[in-house]
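Report on the following structure.
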Amino acid sequence: MVGLMRLSPSFICFMCVHAVVMVDAHLQLSSGLMSRSDFPTGFVFGAGSSAYQIEGAAAEDGRKPSIWDTFTHAGKMIDMSTGDIASDQYHHYKEDVKLMHETGLEAYRFSISWNRLIPDGHGAVNPKGLNYYNNLINELVDYGIEPHVTLSHLDIPRSLQDEYDGYLSPKFIEDFTAYADTCFKEFGDRVKHWITFNEPNIQTITGNDLGNGPPNRCSYPFGVNCSTGNSTTEPYIGAHMILLSHASAVQLYRENYQEIQKGQIGITILALWFEPVCDSPDDIAAKQRMLDFHLGWFLDPLVYGDYPATMRNIVGSRLPFFTENDSKQLKSSYDFIGLNHYSSLPVEDQPITFNKYGSDYIRDISVKGLSSKSLHQMKSTMPVDSRSLQRLLEYVNLKYKNPAVVIHENGLRGHGDNCNAQALNDTERVEYLQSYIESLLLSIRNGSDVRGYFVWSFMDCFELIDGYRSHYGLYAVDFNDARRKRYPRMSAKWFSSFLAKEKNSAKISSH
Ligand code: FCB
């Protein structure tokens with residue numbers, strides 16, 4: 001992976017990140033001083049999803065496979081699941097948008113499946129795919145719900161992977177830009193919020209370093225179960241191409257569409273926070289390295305036009321260079337930065353040297369808590385600490401010139417049976433959301449320019465880490481029911497009541 005820290009095999013677990021969210025069951029709901037109306041004018045609250053995770057209808061109406069279809073059909077998920085049907089939003093979008101309206105959502109973040117719209121990745125547009133997204137967007141707009149649209153949410157057409165290794169090739173830039181062009185042209189009259197890529201910092205790590213996500217490329221000893229790949233170089237090359245593709249699509253939007261359509265465009269990265277295990281200079285330096293490799297990898301080029309010096313020093317010649325033109329095009333190629341934040345992770349300096357190989361990202365920083373033993377210890381000692389969000393936002397504000405930020409994902413993972421009484425009465429999730437939203441408000445008061453907040457996820461879906469073994473939804477989906485019936489959780493009711501009350505504080509109605 002990326003470069004630099006020996007991310008132990010479980011960060012590896014595609015962001016055990018979410019697995020390490022620690023919840024203290026005794027955390028009390030705060031006194032309820034916060035209300036929807038405390039947030040600035042124009043601030044938007046919503047919830048999100050992504051195409052492969054929610055749509056289903058994988059082989060219908062002209063859709064061809066994405067790299068996720070290849071991955072799941074090769075039996076690579078821990079529960080052997082696929083997104084073939086998922087939450088079946090493709091067939092239930094009307095009902096779902098109605099549910100969003102009843103919940104009081106102001107915005108819905110979803111992604112377009114590139115391979116549904118342009119099945120071969122380039123060339124002909126699939127009229128039925130076009131029709132589906134037009135219908136979904138129209139339905140949202142009719143209910144007054146803003147569509148916030150991601151162009152590539154960790155999925156790309158399989159044909160491009162087969163043809164030229166997807167985002168490892170410079171050909172990807174042209175194809176992505178042409179796809180973005182189609183989206184701006186077809187949907188830009190109604191879509192005013194565009195996200196080029198979701199979490200490219202994780203896409204390249206899971207897909208090309210650890211190999212535990214599509215396109216399932218990696219090399220020994222950094223990843224397992226890949227038939228091909230090079231963990232020492234591919235994550236950097238992939239990230240580089242994705243950055244250039246982003247910048248190219250933004251330039252196109254700005255030159256041809258923005259003035260008329262009056263929308264905004266940005267990119268979204270996974271943005272965890274890190275705390276040093278000890279106050280030692282080594283651990284503090286480790287924390288900074290982690291931040292540089294995790295956030296700086298993308299934010300430095302976007303704000304300053306080049307990768308962080310730390311990465312240059314450690315990755316050396318394996319880190320691609322930007323031409324002067326690239327840097328120019330990249331700098332300020334965003335109207336907002338999307339941040340997906342779930343939790344903070346403790347980091348500590350690890351003297352093991354792996355830097356002759358790949359995976360520098362994880363080299364000498366161990367993310368503690370990855371073994372089940374330490375995870376257990378952490379669970380009992382670390383409550384949900386929503387201050388991680390305040391620290392993250394303060395860091396981004398100070399280090400990256402206070403950009404406009406949208407929190408595109410924040411949510412709490414639930415495990416196991418997703419429809420039983422306990423899973424529906426998700427008070428832990430309510431506490432988590434309330435606490436993070438309060439943190440957000442404090443950050444705004446502290447000067448961060450945050451424009452929106454989206455719960456991950458609106459409803460249960462195919463989860464990227466472990467299929468249907470975990471869930472984040474405000475609404476539960478019965479995956480054993482052919483109709484995929486939806487059930488409101490306590491968190492849906494809480495969010496709804498928070499959004500509905502202009503003056504009064506949101507209170508959970510029952511426990
Ligand atoms: C994020 C992904 C999102 C979802 C959450 C739990 O990394 O962007 O699609 O799976 O994790």
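The values are calculated or read from the model by the stated rules, or taken from the named source; none is laboratory data. Given the structure is predicted, the values throughout are model-derived calculations rather than measurements. Neighbour counts run over all protein chains shown; Cβ positions are idealised from the backbone, glycine included. Just the protein is used for accessible areas: all its heavy atoms, side chains included, with ligands, DNA and RNA removed. Shrake-Rupley method; radii C 1.70, N 1.55, O 1.52, S 1.80 Å.
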Original post:
Over the Cα atoms of the range 39-499, Rg to Rh with Kirkwood Rh, two decimal places?
Top reply: 0.93
**OP:** Would you kindly derive the ³J(HN,Hα) couplings of the range 445-457 from the backbone phi angles with the Karplus curve 6.51 cos²θ - 1.76 cosθ + 1.60 (θ = phi - 60°), listing them in order in whole Hz, with x for Gly and Pro?
**Re:** 5, 8, x, 6, 8, 8, 10, x, 9, 10, 6, 9, 10
Original post:
Which value, in Å³ per residue, describes the convex hull spanned by the Cα atoms of the range 142-234?
Top reply: 106
**OP:** Enumerate the amide H contacts of L345 below 5 Å, restricted to partners 5 or more residues apart or on another chain; note that Pro and chain-start residues carry no placed amide H.
**Re:** W273, F274, E275
Subject >> E394 accessible area, 1.4 Å probe, all protein chains in place, Å² to nearest 10 >> reply: 90
**OP:** For T323, T72, write out the residues from largest to smallest accessible area, computed with a 1.4 angstrom probe and no ligands counted.
**Re:** T323, T72
Original post:
Using the per-residue mean of other Cβ atoms lying within 10 Å as a proxy for protection, in what order, highest first, do the peptides 162-169, 219-226 fall?
Top reply: 162-169, 219-226
Subject >> Candidate residues Y475, Y304: accessible-area rank, largest first, probe 1.4 Å >> reply: Y304, Y475
Original post:
Can you give the accessible area of D478 in Å² (nearest 10), computed on protein heavy atoms with a 1.4 Å probe?
Top reply: 40
Subject >> Loop-resident sites, the range 444-493, for trypsin sites (Lys or Arg not before Pro), counting at most 11 other Cβ within 10 Å (DSSP) >> reply: R483
Original post:
Distance from the Cα centre of the range 37-61 to that of the range 249-291, in angstrom?
Top reply: 20
Subject >> Under-5 Å amide H pairs with Y468, H placed in peptide plane, nonlocal only >> reply: E463
Original post:
Residue by residue, what Karplus-based ³J(HN,Hα) values in Hz, rounded to whole numbers, does the range 57-64 have, using 6.51, -1.76 and 1.60 with θ = phi - 60° and x for Gly and Pro?
Top reply: 6, 5, 10, 9, 6, x, 5, 10
Original post:
Ignoring ligands, DNA and RNA, how do L252, L154 rank by accessible area with a 1.4 Å probe, largest first?
Top reply: L252, L154
